[in-house]
Amino acid sequence: MSEWELYRACKKGSKLAFQTLYERYAPYLLTTIQRYLGEVERSKDLLHDCFLIIFKKFDFFTYQEEGSLKAWLTRICINESLMWLRKSNRIQTFSIDDNRDSLHEGNPIEDIYTIAEEEDIQPISEEVLLQMIRALPDGYRTVFNLYVFEEKSHREIAELLGINEKSSSSQLSRAKKMLARSIKEWHTQHTSTK
């Protein structure tokens, strides 16, 4: 069933279509939520809450083009994740006035590998890298996810989180450094065991 067909069936209220919607998108959405919350069990609970919202608000969604349904579902999950983090006071923000900590604003993943690179580094699987991201402190992880995966600017992140742009920039910089450290440690462990 195409995304358009699934949308139409859900719009008509088909229980089978809503079940298909859940089965098709739940794994992806759970991974998205986990990138923000880090905790598996809390992420599963929030995914359940998100689907309740999705089912309730489905009549308000208008299909645009291929991918728009997935984008809408993802937006709901990200917004709910951010609301949960704010309500739980899990996002601690700070600002630095100078840019000693800042890295250039290129590709953050390449930046991380550049920082971590003392010698040739073995590629790290996506799952291992996602685990490292999940292990970041809440504020770092949230800014990193919004900047890297959602491609938000520091201005947009600042507005979403109620912080200033310098805080967003410094959180991203520190997240990159922590990830670089994790990559170095992973590399050390995996080259010394061979």
Checklist entry - If we count every other residue with Cβ under 15 angstrom of S68's Cβ, Lys/Arg +1 and Asp/Glu -1, where does the sum land? => result +2
Next on the checklist: Accessible area per residue for the stretch 3-88 in Å², computed with a 1.4 Å probe and the full protein assembly in place, what is it?
Outcome noted: 55
Checklist entry - With +1 on each Lys and Arg Cβ and -1 on each Asp and Glu Cβ, how big is the dipole of the stretch 126-192 about its Cα centre, in debye rounded to the nearest 20? => result 340
Item to check | Directionally averaged projected area (convex hull, Cα atoms, the stretch 22-91), nm² | outcome: 4.8
Item to check | Debye intensity ratio I(q)/I(0), log10, the stretch 126-192, q values 0.15, 0.25 Å⁻¹ (C-alpha model) | outcome: -0.48, -1.02
Next on the checklist: Using 27 Å as the Cα-Cα cut-off, could you pick out the over-long pairs in K70/K184; K57/K87; K152/K177; K87/K152?
Outcome noted: K70/K184
Item to check | Whole-percent carbon and sulfur share, accessible surface of the stretch 126-192, 1.4 Å | outcome: 45
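The values are calculated or read from the model by the stated rules, or taken from the named source; none is laboratory data. Quick caveat, the model's predicted, so the values are computed rather than measured. Neighbour counts run over all protein chains shown; Cβ positions are idealised from the backbone, glycine included. When the accessible area is computed, the model is the full protein with side chains, heavy atoms only, and any ligands, DNA or RNA have been set aside. Shrake-Rupley method; radii C 1.70, N 1.55, O 1.52, S 1.80 Å.
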